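Chemist: One structure is given below, represented as structure tokens, and several questions about it will come after.
The values are calculated or read from the model by the stated rules, or taken from the named source; none is laboratory data. Note that this is a predicted model, so its numbers are computed, not measured. Positions of Cβ are backbone-derived with ideal geometry, glycine not excepted, and every protein chain shown enters the neighbour counts. Remember, those area values only see protein heavy atoms, side chains included, never the ligands or the DNA or RNA. Shrake-Rupley method; radii C 1.70, N 1.55, O 1.52, S 1.80 Å.
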Amino acid sequence: MFPEVTTGPAEPAWSPDGRWIAFSMQGDIWKVPAEGGEAVALTQGPAYYFEPDWSPDGRSIAMTMDTDGNLDIGVVPSDGGPVRRLTDDAGADLEPVWDRDGDSILFVSSRNRGFDILRVAVVDSAVTPVAVGQGDQIQPAVSPDGATLAFVAPVRNRLGTGGIWTRPIAGGDPTLVHYEESEYRMRPRWTPDGQALVYGSDESGSNNIALVSAKGGNPLVVTPDPDGEFSPAVSPDGTRVAFMSNHGGPMTLYTAAMPGGPRPSWTRVTITSRRMRTPSGRLRVQVLGPDDAPMPARVTVTASDGRSYAPDEGFARVASVTETHYFHTTGESDVLVPAGPVTITAVRGTEFNAASTTVDVSGSSPASAVLRLTRLVDMPARGWHSGDTHAHDLHQGRFGLSHQWLFEQSLAEDLHVTNVLIHMDGTRLMGRWQDLTGEPIRESTRTHLLQFAQEFRGSLGHIGLLGVNQFKMPLVGGAPNTPYSQVASDLPYIEDAGRQGGIAGFMHPYLNRSDTPSGWAGSLIPVDVALGKGDFYDVNSVYSDELASAEMYYRLLNCGFRLAATGGTDNFPDVWRDPPPGTARTYAKVAGPLSVPAWLAAIEAGRTFSTNAPLVLLTVNGQDPGAVIPQGGNLEVRADVVSVAPFERLEIIANGEIVRTVRASAPGTSAVFAGRVSLPEGGWVAARVVGGPHPYVGDSYVFAQSSPVYVEHNGQRWVSSADATFLGEVVDAIKVRALRGTWRTDREREAFEKELDAAREVYSGLALKK
């Protein structure tokens, strides 16, 4: 929903006389002649500017502005100049549109928790409500006569962002014009005669521009195309529609004669040159590896105005946790930046030292920056290969993502195995059905493999099915307002992965910890594991909390279960505000040459650690994680840690307790523990690393977790009766939560209840062990 920094034109808006089209690009507001030509910047840093809308008299442009991470509404003269900030609130203010009197601007704000439509007076910045209420009211559009407001808001008992509604702008009951399962991309705009609305539609499986009568009815697709078109705006005379297309990857600006047609009928609005408001110059960035050859990497370019910039044909992105802007390079990139000192930083995964340099850029001649990446450690040489158990492909983003673009992201992050999970969000497929083949994509290399897999998204947790070549249907469970609204068991999905020769595990386990069993009842993980199902557990994940997930992981291990610690990012690679793949990654020790089956087999054997930066190598009595030591006693434990990002401490965990702590050595990127840990009755030993946030890390804080080395005692697994008792109570809480809904049949409810009871019986039995 939030506006994005794009490398191509975004959010086009026609001038009232039809001569110009304003748009946002590279953090500024620009205007270009409607037939193409030189683009003129109207704004300049250090703020970022988005979502332009021309005033009725053509003299000003309203826009969203990002100042120090806060979104507000501002105005700028349509010929460029100083920006006047109209709102200044801790909430997010965005999506401005002018009222027809030119005296006020309607906008969307989160200042009252949910998103509402408010009005700000241009003269004194006074803010008043326009459309508020339950759910989010977003994407306002004022009719040509100023009497009617169109907007997007929820539709009762329907999925998605909502439908298009209209109502008198002065107040009154809204009327639903059109509904489809939308994802923040409808952005309706009126035709000049006030008879219809253009909007972004996802009904055909790709985002198209569609036209619907303001009174409702069947919509007409204006841009029938397999790629994505967004943000339509109709010319003042009603003869043309401007929009963005991502068919080449970055955004491209087009116009088409109303009522539209296929791509050959579109006209590209060509930008022949660009005139920034401040002197600017070209910067050539080269990232070289240890062999002096171009090396793919993640790059941040910070210019003299304090903003970050990306190549014209690149994909500008930002990691929200630290507001670190970045793009991926294949090794060489060309960037237009304001003149002055420019700082460039390159990062490549977790095995290379980051590199940074500062160069001066002038407008007279291009400047060059060369960054050489050196190895921190060569993990594949030791048999350890990094991968991501939980990456994604198409996920409602607006960048035109091809297999090549997707693979280049993984290559720049030095991911040796990337598992891209196809899934459904509501009833929308996130990915392509035909991509699930059970084989790496053709872009893969001997050292870097990308293969599609499946994610089952249930209402009580998500399951990753890796190494499969057929979908287990349905892809969702517990999805309201669908035929699959009741709670679904994970077991058929986990078992199906095994039947196909793959493995299955638990995605982004827990977002919060709790002292009560009911606080852990949002996931079926304790049920599945008790019934002997599940091969891995994503301790590291962007959309969960590592320490909370680790707490449950330790409780499961304390009940004698054996489960590999893994990392899966859950990133959306076509969305600009998202971390890169490999932000959370799994290192698996592979026996023999690298392949997807060999890597998955290493996970199944427990030879793993999860991480977002630190590399932690643990041995117990000389044995790697996943090994079983037959007898307890005094154990020789060694853990070595190096990290591209600083961390605070290395901790040795035994049977769920921190038994040793080692502070990181200066400058905070290494630590070693070598000593004895006593486990006379057996159990398990693992290592973890904890630190704070860092720009190199796309998650909330630095963290790594090894799988354990297991220790038996007289042939028996050690069990904590206290943890077994607690997990039994968690199952009780899950049962209360899961069975209170409506079920299609008594038989299905009874079958699910039987699974819960079987898991409860397991924990009851374990709790009796001494």
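Chemist: Among the residues of the stretch 613-625, which ones are within 28 Å of GLY692 (Cα to Cα) and open to solvent by 10 Å² or more (accessible area, probe 1.4 Å)?
Modeler: LEU617, THR619, ASP624
Chemist: Which condition number does PRO290 fail, the rest of (1) under 32 Å from the mean Cα position of the chain (by Cα); (2) open to solvent by 70 Å² or more (accessible area, probe 1.4 Å); (3) more than 30 Å from THR583 (Cα to Cα); (4) of a type outside the set (Gly, Ala, Ser) being met?
Modeler: (3)
Chemist: Would you check which residues across the stretch 176-213 are free of Cβ contacts under 8 Å to residues at least 24 places away in the same chain, assigned to a strand (DSSP E or B) and either aliphatic (A, V, I, L, M) or closer than 26 Å to ILE105 by Cβ (or both) and list them?
Modeler: ALA196, ALA210
Chemist: Quick check on my filter: what residues within the stretch 627-666 are over 21 Å from TYR587 (Cβ atoms) and outside any strand (DSSP E or B)?
Modeler: Across the stretch 627-666, the qualifying residues are PRO630, GLN631, GLY632, ASN655, GLY656, ALA666.
Chemist: What are the residues in the stretch 384-404 that are more than 21 Å from PHE327 (Cβ to Cβ) and either surrounded by fewer than 23 Cβ atoms within 10 Å (Cβ to Cβ) or out of contact with any Asp or Glu (no Cβ under 9 Å at 6 or more places or on another chain) (or both), if any?
Modeler: Once the filter is applied, which keeps residues that are more than 21 Å from PHE327 (Cβ to Cβ) and either surrounded by fewer than 23 Cβ atoms within 10 Å (Cβ to Cβ) or out of contact with any Asp or Glu (no Cβ under 9 Å at 6 or more places or on another chain) (or both), the stretch 384-404 yields TRP384, HIS385, GLY387.
Chemist: Inside the stretch 112-130, can you point out the residues that are over 17 Å from GLY171 (Cα atoms) and open to solvent by 60 Å² or more (accessible area, probe 1.4 Å)?
Modeler: ASN112, ARG113, VAL123, ASP124
Chemist: Return yes when ALA170 is within 27 Å of LEU118 (Cβ to Cβ), of a type in the set (Gly, Ala, Ser) and open to solvent by 60 Å² or more (accessible area, probe 1.4 Å) and no when it is not.
Modeler: yes
Chemist: Then there's this: Look through the stretch 355-381, keep the residues that are at pLDDT 95 or above and in contact with a Lys or Arg (Cβ under 8 Å, 6 or more places away or on another chain), and return whichever of them is surrounded by the fewest Cβ atoms within 10 Å (Cβ to Cβ).
Modeler: SER368
Chemist: Same structure, new question: Counting residues that are under 25 Å from ALA354 (Cα atoms), which strands (runs of 3 or more DSSP E) fully inside the stretch 259-310 reach at least 1?
Modeler: Of the strands (runs of 3 or more DSSP E) lying wholly inside the stretch 259-310, those with at least 1 residues that are under 25 Å from ALA354 (Cα atoms) span 280-288, 297-302.
Chemist: Tally time: how many residues in the stretch 692-737 are among the polar types (S, T, N, Q), surrounded by fewer than 19 Cβ atoms within 10 Å (Cβ to Cβ) and in a strand (DSSP E or B)? I'd like the intermediate steps shown before the answer.
Modeler: Taking the stretch 692-737 and keeping what is among the polar types (S, T, N, Q), we get 700, 705-707, 714, 716, 720-721, 725.
Filter once more, keeping what is surrounded by fewer than 19 Cβ atoms within 10 Å (Cβ to Cβ): 700, 714, 716, 721, 725.
Next, from what is left, pick out any that are in a strand (DSSP E or B): 716.
The qualifying residues number 1.
Conditions (1) open to solvent by 30 Å² or more (accessible area, probe 1.4 Å); (2) in a strand (DSSP E or B); (3) acidic (Asp, Glu), marked per residue:
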{"residue": "GLU35", "(1), (2), (3)": "yes, no, yes"}
{"residue": "GLU38", "(1), (2), (3)": "yes, yes, yes"}
{"residue": "GLN44", "(1), (2), (3)": "yes, no, no"}
{"residue": "TYR49", "(1), (2), (3)": "no, yes, no"}
{"residue": "ILE73", "(1), (2), (3)": "no, yes, no"}
{"residue": "ARG100", "(1), (2), (3)": "yes, no, no"}
{"residue": "GLN134", "(1), (2), (3)": "yes, no, no"}
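Chemist: OK, next. Going through the stretch 568-597 one residue at a time, which ones are among the hydroxyl-bearing types (Ser, Thr, Tyr) and open to solvent by less than 30 Å² (accessible area, probe 1.4 Å)?
Modeler: Those that are among the hydroxyl-bearing types (Ser, Thr, Tyr) and open to solvent by less than 30 Å² (accessible area, probe 1.4 Å): THR569, THR583, THR586, TYR587.
Chemist: Cβ contacts < 8 Å: first residue in contact (Cβ under 8 Å) with a residue 60 or more places away in the chain, restricted to the stretch 396-424; second residue basic (Lys, Arg) and assigned to a strand (DSSP E or B), any location; separation 6+ or different chain. Result?
Modeler: GLN396/ARG428; ALA412/ARG298; GLU413/ARG298; LEU415/ARG585
Chemist: Can you find, within the stretch 556-600, the residue that is modelled with the lowest pLDDT among those that are within 27 Å of the chain's Cα centre (by Cα) and of a type in the set (A, V, I, L, M)?
Modeler: Looking at the filtered set, the residue picked out is VAL575.
Chemist: Pull out all pairs, ordered by first then second residue, where Cβ-Cβ is under 7 Å, the residues are six or more apart or on different chains, the first lies in the stretch 579-602 and is without any contact (Cβ under 8 Å) to a residue 40 or more places away in the chain, and the second is assigned to a helix (DSSP H, G or I) and open to solvent by 10 Å² or more (accessible area, probe 1.4 Å).
Modeler: GLY592/ALA598
Chemist: Out of SER707, SER764, I need the residue that is over 36 Å from the mean Cα position of the chain (by Cα), at pLDDT 95 or above and polar (S, T, N, Q). Which one? Walk me through how you get there before you give the answer.
Modeler: On the way: SER707 fails: over 36 Å from the mean Cα position of the chain (by Cα).
After applying the criteria, what remains is SER764.
Chemist: One residue is enough: does the stretch 51-58 have a residue meeting the conditions within 18 Å of PRO338 (Cβ to Cβ) and open to solvent by 30 Å² or more (accessible area, probe 1.4 Å)?
Modeler: No, the stretch 51-58 has no match at all.
Chemist: Sticking with this structure for a sec: Residue pairs, Cβ under 7 Å, 6 or more apart or interchain, first in the stretch 122-134 and free of Cβ contacts under 8 Å to residues at least 60 places away in the same chain, second open to solvent by 80 Å² or more (accessible area, probe 1.4 Å) and hydrophobic (A, V, I, L, M, F, W, C). List them.
Modeler: Nothing qualifies.
Chemist: When the stretch 503-518 is examined, which residues are found to be open to solvent by 10 Å² or more (accessible area, probe 1.4 Å) and within 25 Å of the chain's Cα centre (by Cα)?
Modeler: HIS508, PRO509, TYR510, LEU511, ASN512, ARG513
Chemist: Right, something else. Within the stretch 75-96, take every residue that is open to solvent by 10 Å² or more (accessible area, probe 1.4 Å) and of a type in the set (Val, Ile, Thr) and give me the one that is nearest to VAL152 (Cα to Cα).
Modeler: VAL75
Chemist: Under 8 Å between Cβ atoms, which residue pairs at least 6 apart in sequence (or on different chains) link something in the stretch 4-29 that is surrounded by fewer than 22 Cβ atoms within 10 Å (Cβ to Cβ) with a partner that is assigned to a loop (DSSP other than H, G, I, E, B) and β-branched (Val, Ile, Thr)?
Modeler: Note: no pairs meet the criteria.
Chemist: Okay, next question. With the structure loaded, tell me whether ASP66 is in a loop (DSSP other than H, G, I, E, B), open to solvent by 10 Å² or more (accessible area, probe 1.4 Å) and of a type in the set (Asp, Glu) or whether it fails that test.
Modeler: Values: in a loop (DSSP other than H, G, I, E, B): no; open to solvent by 10 Å² or more (accessible area, probe 1.4 Å): yes; of a type in the set (Asp, Glu): yes.
For ASP66, the condition - in a loop (DSSP other than H, G, I, E, B), open to solvent by 10 Å² or more (accessible area, probe 1.4 Å) and of a type in the set (Asp, Glu) - is not met.
Chemist: May I pose another question? If only one of ARG688, ARG760, ARG749 is surrounded by 15 or more Cβ atoms within 10 Å (Cβ to Cβ) and within 24 Å of VAL542 (Cα to Cα), which one is it?
Modeler: Going through ARG688, ARG760, ARG749 in turn, the sole match is ARG688.
Chemist: Oh, and also: Give the stretch 407-434 a look and list any residue that's open to solvent by 10 Å² or more (accessible area, probe 1.4 Å) and within 26 Å of MET186 (Cβ to Cβ), or say none.
Modeler: MET424, ASP425, GLY426, THR427, ARG428, LEU429, GLY431, ARG432, TRP433
Chemist: Of the conditions (1) in contact with a Ser or Thr (Cβ under 6 Å, 6 or more places away or on another chain); (2) part of a loop (DSSP other than H, G, I, E, B), THR255 satisfies every one except a single condition; which number is it?
Modeler: Failing condition for THR255: (2).
Chemist: Only one of these is outside any helix (DSSP H, G or I), among the aliphatic types (A, V, I, L, M) and farther than 24 Å from ALA601 by Cα: VAL539, VAL575. Name it.
Modeler: The match here is VAL575.
Chemist: Among the residues of the stretch 531-557, count how many are of a type outside the set (Ser, Thr, Tyr) and open to solvent by 10 Å² or more (accessible area, probe 1.4 Å).
Modeler: Qualifying residue count for the region: 10.
Chemist: Filter the stretch 136-157 down to residues that are free of Cβ contacts under 8 Å to residues at least 40 places away in the same chain, in a loop (DSSP other than H, G, I, E, B) and open to solvent by less than 30 Å² (accessible area, probe 1.4 Å), then give me how many there are.
Modeler: Number of matching residues: 2.
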